[in-house]
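Note sheet for the following structure.
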Amino acid sequence: MDHGQHALASGQSTVNQAGRDVVVNNYAAGPPTGAWNVPPRNPNFVGRVDALATLDGLAVQTVRGMGGVGKTQLAVEYCYQNSDSYDVVWWIFAENRALIPDQLHLLGKALRLDLPADTRAAVPLLLSHLRNRGRCLLVFDNAESVHDIRDYLPWCRVLVTTRRAGFDALGDVLDLDTFTRPESITLLRQRAMISEGGADDLAVLLGDLPLGLEQAAAYLKQTGMPVDEYLNLLRSNPELMAGQGVDGHRPASDSTLATVWTMSFTRLDPRAATVLQVCGYLGPEAIPLSLFDEFGSPSMAVAPLVDYSLAQRVDDRLVMHRMVQLAARRNAEDVAWPSPHPLVRAATLLSRALPRDHEGPESWPVWRILLPHVLTVLGHDLKLGLLDGDLLVRLLDQAGAHLQDFGEFDKSRELLERALLVAEGAACPDHRNVGTILNNLAAVFMELSRPADALPLLERSLDIAESAGGRDCFAIGSILNNLGLVQRDLGDLVAAREWLERALAADQADFGAAHPQVAIVQNNLALVLTDLGDLVGARRLLEEALRVGEATLAPGHPAIATRLNNLGLVLGKLGDLAMSRMVLERALVMDEASFGPVHPTIATRLRNLAGILRKQGLAAEARPLLDRAGEIDDRLP
């Protein structure tokens, strides 16, 4: 098939047990004989085998992680599993520094020590006793700061849980990750008695976060709701479902996804709070820090989020769990947020960060990073309707164009049709934005082999351009070019040639002879000449288009590969099979570098090359290419 060209951090360990068998822990060790006040054990505790093993050995061990990841449950399970190793295991709720001394004083009473009634005098004596006693474990749960607990560390085993950074000053820090997928599925099936497929779907939506999984299981068990119905509710209204069901092993104040991060949110400075709210409306993929340049230093702006384990920093990107994003959105929609709304701010930041030119592959690396966030923002706006017309149309049109570049034609069509609807509602039907979108949407219909649907869009776009003065609106040549391609696809080669000759004259007058836009039309006109049997004329146009492209475009540009492909096919028809093969192989290498190994264009290039090999009598060499093209087709949506 030939191608037309449309004009358009240190010393810390991370626990992740992917691939491991899941262990359901049902140990029944008894409490120590000295003193014990550990919270009740979770009978549904699963997995975390490596994490539990990591907690052994060091004098001071900290478990750090985001809220809801299971730090406290891990510490409780460790205490029960290792109760026979200690005479004293004492649990201290350490979030409020002022309450720590009283809890230590209570330990002294449990040990029946003769201590002063005054807590300030009693605590040093207790710590001295523990230094000499041995076989003692203190657990500081949910500590806020190293300074809050440093003065209370005895010379015995200490286990700390926290969301905050900085605890490596005391000893080793274990960064606790979310569940592995097998652990998630085991918990859900054990708690809610649902199918493995349903458990897997639920784990994906909840990002394997233990709190979310336990909350969902509790709600399913409480209501008897089928898991498919729950999944539909979670997809359609996650903000509502974040408050449904509770984790009975957590305090009521943070037993749901709606509340678990509330305290951390309130402790953020205004700049970090704004970044958090903006991130809530972005995708779960890594977010480039450069998106937050307008906040001064992006590193300083996101530092509190990292400190409170609300996000992780990985090189120059920020990673935020989808459930933290959900809570941030819920928080933004529960309170009166000053203008602009975080969704509008997220859309504005993305619009400013997007490359202006979306024609060439030079912008693709940036688009591959930002496109998931643009699509997420556009999805949220379908529900909230907060983006103004110009901003919304710009994001829809640009995202649609890039989805076309990436071979996602159906998704591109959906966005461009939405952009057209918004543009027509926000402006007169003959506005130039409407004409541009019509042209872009027609190009997608052509990629979808629907030229009859593309034709009226292009005719309307041409009317708008001509009534507005043509080039004062946008390049009229691009519309004429696409009209020529549509007529070719519809089988009217004479009309196709007329449209393309008109486009070529318009672009040469507008841009000069040696311009990339002119080369696009030359390539397309060559296709029509090929169909009409004028192979010599087609070769001349393709060689000229290739010369212009190599002189004006970046090396390896997809437009150059397209012209090589078309030239190779013409050479094959002219009987120069050796040169045809060489040119087609060069086109394939270029496109693989641009698009990767799985893309509709690669499948086309493989089939074209295989066709020439078969003409050369090399069927055995052609077969692997055709097999690979079929595999690409099977993998595409």
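Worth a mention:
- Burial ranking of peptide ranges 116-122, 69-75 (average Cβ count within 10 Å, highest at the top): 69-75, 116-122
- Entry for semi-axes √(5λ) of the Cα gyration tensor in Å (calculated from the structure that is shown) out of [x] 38, 33, 24; [y] 63, 27, 21; [z] 53, 32, 21: [y]
- Per residue value of the accessible surface for the stretch 508-637 (all protein chains in place, 1.4 Å probe), Å²: 44
- The simple Förster model, with R0 at 56 Å and r as the Cβ-Cβ distance, assigns D627 and R120 a FRET efficiency of 0.10.
- Mean projected area of the Cα convex hull of the stretch 382-520, taken over all directions, amounts to 8.6 nm².
- Accessible area, probe 1.4 Å, largest first, for residues T256, T186: T186, T256
- Rg to Rh quotient for the stretch 218-327, alpha carbon positions, Kirkwood Rh: 1.04
- With every protein chain in place, the chain: carbon and sulfur % of accessible area (1.4 Å): 52
- Only beta bridges with both residues in the chain are counted; by DSSP, about 20 percent of them are antiparallel.
- Pairs of C-alpha atoms in the stretch 551-637 farther apart than 19 Å represent 36 percent of all such pairs.
- Each of M323, H129, Q517 was placed along the dipole of the chain (beta-carbon charges, centred on the mean Cα), and the one lying farthest toward the positive end is H129.
- Highest average first, the peptides 56-66, 174-184, 623-633 ordered by how many other beta carbon atoms sit within 10 Å of their residues are 174-184, 56-66, 623-633.
- Amide hydrogen neighbours beyond the local backbone of R317, cut-off 5 Å, H modeled: L289
- When the Cα positions of A426, G407, N439 are compared along the charge dipole of the stretch 393-445, A426 comes out farthest toward the positive end, with charges on each C-beta of Lys, Arg, Asp and Glu.
- Unit charges at the beta carbon, dipole of the chain: most positive-side option, L350, A272, I100: I100
- Stokes-Einstein D in µm²/s, Kirkwood radius over Cα pairs - the stretch 274-431 at 10 °C with 1.306 mPa s viscosity: 98
- Where the stretch 28-155 is the region considered: accessible area per residue in Å², 1.4 Å probe: 43
- Dipole size of the stretch 459-588 about its Cα centre, with +1 on Lys/Arg Cβ and -1 on Asp/Glu Cβ: approximately 440 debye, rounded to the nearest 20.
- Straight-line cross-link partners of K383 among the lysines, defined as a Cα under 29 Å from its Cα and at least 8 positions apart when in the same chain: K411.
- Computed from point charges on the beta carbon alone (+1 for Lys and Arg, -1 for Asp and Glu), the dipole magnitude for the chain about its Cα centre is near 1460 Debye.
- Solvent-accessible area per residue for the stretch 363-407 (1.4 angstrom probe, square angstrom): 33
- Charged-residue dipole, Cβ positions (Lys, Arg, Asp, Glu), the stretch 307-397 about Cα centre, Debye nearest 20: 280
The values are calculated or read from the model by the stated rules, or taken from the named source; none is laboratory data. All figures in this text were calculated on a predicted structure; none of them were measured in a lab. Using ideal geometry, Cβ is built from the backbone for each residue, glycine included, and neighbour counts are taken over all protein chains shown. Heads up: the accessible areas ignore ligands, DNA and RNA and are worked out on the full protein's heavy atoms, side chains in. Shrake-Rupley method; radii C 1.70, N 1.55, O 1.52, S 1.80 Å.
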